[in-house]
1. State whether the residues of segment 72-84 include one that is touching a strand residue (DSSP E or B) at 6+ places or on another chain (Cβ under 7 Å), surrounded by fewer than 18 Cβ atoms within 10 Å (Cβ to Cβ), under 20 Å from Leu177 (Cα atoms) and in the same structural domain as Leu177 (by TED's automatic domain parsing).
2. Return the pair list, or none, for Cβ contacts closer than 7 Å from residues in segment 202-224 that are of a type outside the set (D, E, K, R) to residues that are surrounded by fewer than 16 Cβ atoms within 10 Å (Cβ to Cβ) and in a loop (DSSP other than H, G, I, E, B), at least 6 apart or on different chains.
3. Could you figure out which of (1) of a type in the set (S, T, N, Q); (2) in contact (Cβ under 8 Å) with a residue 12 or more places away in the chain; (3) over 30 Å from Asp141 (Cα atoms); (4) part of a helix (DSSP H, G or I) isn't true of Gln172?
4. List every residue pair whose Cβ atoms lie under 7 Å apart, where the two residues are 6 or more positions apart in sequence or sit on different chains, the first residue falls within segment 19-45 and is touching a residue at least 12 places away in the same chain (Cβ under 8 Å), and the second residue, located anywhere, is among the basic types (Lys, Arg) and in a loop (DSSP other than H, G, I, E, B).
5. Condition (residue is crowded, with 17+ Cβ neighbours inside 10 Å and under 30 Å from the mean Cα position of the chain (by Cα)) applied to segment 256-271: is it met by at least one residue?
6. Can you tell me how many residues within segment 81-110 are out of contact with any Leu (no Cβ under 7 Å at 6 or more places or on another chain), among the polar types (S, T, N, Q) and touching a residue at least 60 places away in the same chain (Cβ under 8 Å)?
7. For Gln278, all conditions in the list (1) at pLDDT 90 or above; (2) surrounded by 18 or more Cβ atoms within 10 Å (Cβ to Cβ); (3) at negative phi hold save one; what is the number of the exception?
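The values are calculated or read from the model by the stated rules, or taken from the named source; none is laboratory data. Quick caveat, the model's predicted, so the values are computed rather than measured. Cβ coordinates were reconstructed from backbone atoms using ideal geometry, including for glycine residues, and neighbour counts include every protein chain displayed.
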Amino acid sequence: MRCDVAQDTKLITPDELSIWVPGKVLCESIGRGWTGLSQRTFLYKGQDVKIPPIDSFMIVQYRNGETPMDREFDGKWTRTNCGPGHFSLLSRSADSHWSWTEGLVVSHIYLSNRLMHRVARDIKGEDVAQVHLHDVLQGEDPVISHIADQITAESMGAGEGGALYAEALSVQLAVHLLRHYASCSIKSSGGTTGFTQSELARLDEFIDAHLHDPLTIEDMAGLFGMGAWTFNRRLRRTIRLPAWALVQKKRLERAQTMLRGSDAPIKQIAAACGFSDQAHMTRMFRTKLNVTPGRYRGGA
């Protein structure tokens, strides 16, 4: 089970939770190679437990058994009944007090702080200072139930591409939680919303080195550790062009240089510049320069 351990040593990890809430582990994601997501299913007897702040965001899915449930969260006590089809949320860094009387089988799903902040940043288009899950003790949501079922099933018997599938599920779950069950505070931008000159130079170097490849926005965004939407938004603010237009501009510039500076076949130049084929390059030349590659090479 892999988690992002918080710098604050007062926060416990999901691995340490069983010290505070003892129960029988029925399945877990340990050894699956998952990133930003982990899972455990427990068989619990009735308990009255205080849980220290945890370094991850926790979703509790009630799978078997039904019980009266009391919980103190953020200084507020809530009483309800929890059973199959219900879920509870516990925000990161929040201490809580839980009390129930009957036996239960529950699945715990833990989303790391890093994952939640990355997804929140992509949704908001701005750097997020803090994510806070709402106080939900007895929630009912078919989307959360379905994703939680899939995560638990993958933890019980991982299939081909299990880590990749788990990552996709974690992002889906994070997006749904952030849309419906969370609040975010935004970091002060300090007036800087675009890329610096050194960052642009780094981007130019990266594009030039991979221009012959089928570059994607995700490739370029990954260079700066951000999502595609955020990357494109910042790039537009800096150079007034979206990422795809910048790449096409550079491909056209390289093709112009190669056509004037070499005798290589036009088809070969198109491939070297990352165009899908010669016809694609010809269309770009006609659109942007109002001339074909052959005529451009001839000095027209």
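1. Yes, segment 72-84 contains a residue that is touching a strand residue (DSSP E or B) at 6+ places or on another chain (Cβ under 7 Å), surrounded by fewer than 18 Cβ atoms within 10 Å (Cβ to Cβ), under 20 Å from Leu177 (Cα atoms) and in the same structural domain as Leu177 (by TED's automatic domain parsing).
2. Listed pairs, sorted by first residue: Leu203/Leu223; Phe206/Leu223.
3. It fails just one condition, (3).
4. From segment 19-45, the pairs are Trp34/Arg2; Thr35/Arg2; Ser38/Arg2.
5. For segment 256-271, residues crowded, with 17+ Cβ neighbours inside 10 Å and under 30 Å from the mean Cα position of the chain (by Cα): absent.
6. 1
7. It is condition (2) that Gln278 fails.
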